[in-house]
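Down below is the structure, laid out as structure tokens.
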Amino acid sequence: MSLQLRIVTPTGEALKTETTHVTLPGLNGEFTVLSGHLPFLTALRIGVASYATGKHTQNLCSLGKGFVEVFANQVTIFVQTAEKALDIDKKRAQDALSRAEKALSNSSHNPNDPSYQLLLEDRARAKSRLLAAEKAI
Amino acid sequence: MANLKEIRKRITSVKNTQQITKAMKMVAAAKLRRAQESLMQGRPYALQLFHTISRLAASVEHEAHPLLLPRATMRVRLLVISADRGLCGGFNSNLIKAAERYIAEHKSQFDSLELVFAGRKAQEYFRRRPHKLGTYFRGAFDPLNAENTDKISRALIQDYLDNKYDRLVIIYNEFKSVISQKPMYEQLLPIVPYAEDSYLEPLADNYLYEPSRDELLSYLLPLHVNTQIFRALRESFAAEMGARMSAMDSATKNAGELVEKLTLSFNRARQAAITTELVEIISGAAAL
């Protein structure tokens, strides 16, 4: 038995594949879904998803904010952005991270300011992209 | 002779019009390609989200979230999505007709009805009608993006939660193909699960939620409404470009036919004039 994994974003379907297991960044920490998992709905943090296909046991994909539904061996991930690790340019990811860091250091540092929250999210996304790119084979 | 000059003038003017319609067709075709692409890319997300929401809505009781709870009163708000611009065949008038039909058929069940708009054309039409008018969301297609959609959906959801109306229905042109659009209406609020969905099998009590069910609901339900409005706007925009492209295509063809006909009658008139002149000269020469 395998899982049907789909990653959809508002700008397109980023991934559709069969997998044996998938590891995701949940709000309360990472978790792994195997086939036969109970129906399940949870919010996701910005981070990296890892899934196994055939010989490659660790394919990575950087995810933006979103959530996942597990239902009848179908794992559907809804995120704002998704990028397969192999498609990420390491150099540009690094640049994006330093840009995000810089913008963050110039910002208000007020946790109630929505633009500050956005900057934090930007940095988290940049970090996860870089992480995915570095770990990719 | 005046006739000749007149025909020549008309040919020039028709040719000019033809150039304009041709250019508009090209522009619409280019925009259509982009609009269609973004529509197709957005569809899986909207559809999958709808499936998930349907499962979720079917497995929790209505009281779990105000956006799911049907209300006893029926103050209806109709969001009419038309185009900002004309010259796109029956695109706007078909939509307006469909909206009028919907209102006529359902009005008896409503306690009240309020029309809100995205797209200038429908707003201009209904302004002169005896319906109650609400917000006109100016610039929804200018540009059509997530931020502008957010503004619309946030306002609509807030009004719903503030108990200003009880049901939200949207009416828009669905993009069937490049040459065909179909007016569709859908109820967005309160959220109703998609009934014919085979996914809707027992969702059981063992469905797990993280963090909590209520937190997830208050995140997912507005997201769903926003996504559906975004999808409807994209459908409408792509359909508009398709409609404009085919309208301008047939206008260009018509202009071509007209030019041919006019050229024919121009040549006939020219020949007739030459013949008359010749006859005059010959009869003049014969009289000498």
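Of note:
- Taken as a whole, segment B:91-113 holds no residue that is outside any helix (DSSP H, G or I) and closer than 30 Å to residue B:179 by Cα.
- Qualifying residue in segment A:66-85 (condition: over 25 Å from residue A:19 (Cα atoms), outside any strand (DSSP E or B) and hydroxyl-bearing (Ser, Thr, Tyr)): no
- If you go through segment A:7-27 and pick out every residue that is in contact with a strand residue (DSSP E or B) (Cβ under 6 Å, 6 or more places away or on another chain) and either more than 7 Å from chain B (Cβ to nearest Cβ) or on the phi > 0 side of the Ramachandran plot (or both), you end up with 12.
- Positions within segment A:41-56 being of a type in the set (Gly, Ala, Ser), more than 14 Å from chain B (Cβ to nearest Cβ) and under 12 Å from the mean Cα position of the chain (by Cα), in sequence order: A:47, A:49, A:50
- Boolean, residue A:60 is in contact (Cβ under 8 Å) with a residue 40 or more places away in the chain, in a helix (DSSP H, G or I) and either surrounded by fewer than 17 Cβ atoms within 10 Å (Cβ to Cβ) or away from chain B (no Cβ under 14 Å) (or both): no
- Residue pairs meeting the criteria (Cβ under 6 Å; at least 6 apart or on separate chains; first within 27 Å of residue B:91 (Cα to Cα), in segment B:238-267; second in a helix (DSSP H, G or I) and small (Gly, Ala, Ser)): B:238/B:35; B:241/B:28; B:241/B:35; B:244/B:28; B:245/B:28; B:245/B:29
- Considering (1) among the polar types (S, T, N, Q); (2) at pLDDT 95 or above; (3) buried (at least 19 other Cβ atoms within 10 Å of the Cβ), the lone condition that residue B:36 does not fulfil carries the number (2).
The values are calculated or read from the model by the stated rules, or taken from the named source; none is laboratory data. Note that the structure is a prediction, hence the values are computed from the model and not measured. We place every Cβ from the backbone using ideal geometry, glycine too, and count neighbours over all the protein chains shown.
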